[in-house]
1. Can you name every residue in segment A:225-260 that is out of contact with any strand residue (DSSP E or B) (no Cβ under 8 Å at 6 or more places or on another chain), closer than 10 Å to residue A:319 by Cα and either at pLDDT below 95 or away from every other protein chain (no Cβ under 12 Å) (or both)?
2. Quickly run through segment B:105-118 and pick out the residues that are farther than 26 Å from residue B:95 by Cβ and surrounded by fewer than 19 Cβ atoms within 10 Å (Cβ to Cβ).
3. Quick one: would you say residue A:216 is outside any helix (DSSP H, G or I) and either within 14 Å of chain B (Cβ to nearest Cβ) or at pLDDT 95 or above (or both)?
4. Which of (1) surrounded by 15 or more Cβ atoms within 10 Å (Cβ to Cβ); (2) under 21 Å from residue A:248 (Cβ atoms); (3) within 11 Å of another protein chain (Cβ to nearest Cβ) does residue B:121 not meet, given it meets every other one?
5. Those residues that are more than 13 Å from chain B (Cβ to nearest Cβ) and either closer than 14 Å to residue A:131 by Cα or in a strand (DSSP E or B) (or both), I need them from segment A:318-348; list them, please.
6. Quick one: would you say residue B:90 is within 14 Å of chain A (Cβ to nearest Cβ) and surrounded by fewer than 19 Cβ atoms within 10 Å (Cβ to Cβ)?
7. Would you pick out the residues in segment A:107-142 that are more than 16 Å from the chain's Cα centre (by Cα) and either surrounded by fewer than 19 Cβ atoms within 10 Å (Cβ to Cβ) or over 23 Å from residue A:301 (Cα atoms) (or both)?
8. Among what's in segment A:284-304 and is outside any loop (DSSP other than H, G, I, E, B) and surrounded by fewer than 17 Cβ atoms within 10 Å (Cβ to Cβ), pick the residue that is farthest from the other protein chains (Cβ to nearest Cβ).
């Protein structure tokens, strides 16, 4: 019996539909991939690989690193380091807020003029703080500890706190081999700071959807590339192309680690200029706690040794890393931009007259379409990691100290 | 003058004359051979009788990471006095002031450089020759 024409046609339609419906997902996905030119691919690859090698925490010779990290973590959450008894490092660097505090301007014992930067990946930066006034996390912790509006503490208070807590003294001895009472106050404070630095050095953010995409680009894996959201792909193309964002937000950290003036007002209050990087270099050169000091156990730093203060440093603030950017609102050195959309709008509609005379000459208004602004934001959001909100404190790892009297109840 | 003193003086003069003929003469700096740099990224600049060769360490120059230069400077009575860099299109220089560490009369190591963004950079080498200061420049692009 010969097949009827209508039957053949129906079969063809059914076969066609089946092919479309049940086609390999790879084919459909591959069709969604954005095309990148060779230079764009090269730029994308330079934003990885991630994670980078673990940073080396600066501890004195003979220290027990694991114990120092445990001590640092305990100190990080301990409000007794401030004489007021109610400000800890964690007050401004809250784990659930990606180690920021979500405020426009942070508040220690009083409101300060700066926004709290995240501590994720801080140990991978050569300069700490918006003004780069410290060249290591441990030195930066001393700045915050002693700042009259942050923790308003002192070396003497730190040593007393360490001595009066059996648990902290136990952890200190496990880390550094001596009781805090056997050191002078300044040494005890520096050891405390170095323990905090060792803890901060453990905070390397997890991989993101962008990292998976970047690695797929490196392998030429079109299928995996196409799984990255199309809007993010378009936004990334803007980031490395028309936007030229990667010029400053460079490398795996999405920051060149240096400073820039991007046309933001730099008055911290009416008539009061925030000196930015200029003040940061003053602070660095006046600090006895740099990587060139005797406290740094021969660590050294070619950048600390050669940094040069220049007039253009006024109005410059550190180029922040964009990793986790969607989780660290508000933005800029004083939190003046509330949302990521505000940030994109700032660069999109940059006021060139506000850009200071020595400001970065590569900046100009991007003049993006509404769709392009959404795409750029979509890309930035793929630098997030939901895991950071689930960060947990480690169980007490120094069993000899856990459960000692005077354990802090939190 | 006593004959003995005259004789001793002549003898010393003869000894000194003999010594000067057997001692290797110190080669004037201007004619000393100019050492060459080896390895990746060597570049050479020339200004009249001045030759300057440099290479970055590491090579290629990484963006926003510290690097150094190995540098050879050859010429009569020349001294390297300053090394700097800028991005003419961006109207800014580096955030760091490099330092020069002489290794010998012609070889130096320059430390503390950092190019904090990709693009076109201009390296400047200031050389003192007598009362004159001469600038040699080289441009390179970081991807």
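The values are calculated or read from the model by the stated rules, or taken from the named source; none is laboratory data. Bear in mind that the values here come from a model prediction, so they are computed numbers and not experimental data. Counting neighbours? That spans all protein chains shown, and the Cβs are built from the backbone with ideal geometry, glycine included.
1. Result: no residue meets the conditions.
2. Filtering segment B:105-118 for residues farther than 26 Å from residue B:95 by Cβ gives B:105-107.
Of everything in segment B:105-118, those that are farther than 26 Å from residue B:95 by Cβ and surrounded by fewer than 19 Cβ atoms within 10 Å (Cβ to Cβ) turn out to be B:105, B:107.
3. Numbers: outside any helix (DSSP H, G or I): no; either within 14 Å of chain B (Cβ to nearest Cβ) or at pLDDT 95 or above (or both): yes.
So residue A:216 does not fit the description; no.
4. Here residue B:121 clears every test but (3).
5. Start the filter on segment A:318-348 by keeping residues that are more than 13 Å from chain B (Cβ to nearest Cβ), which leaves A:320, A:322-348.
Residues satisfying the conditions are A:320, A:331, A:332, A:333, A:334, A:337.
6. Yes; evaluated as a whole, the condition is true for this residue.
7. Hits for segment A:107-142 are A:107, A:108, A:109, A:110, A:111, A:112, A:113.
8. Taking segment A:284-304 as the starting set, the residues that turn out to be outside any loop (DSSP other than H, G, I, E, B) are A:284-286, A:294-296, A:302-304.
Next, from what is left, pick out any that are surrounded by fewer than 17 Cβ atoms within 10 Å (Cβ to Cβ): A:285-286, A:294.
Working: A:285: 13, A:286: 18, A:294: 21 Å.
Here the answer is A:294.
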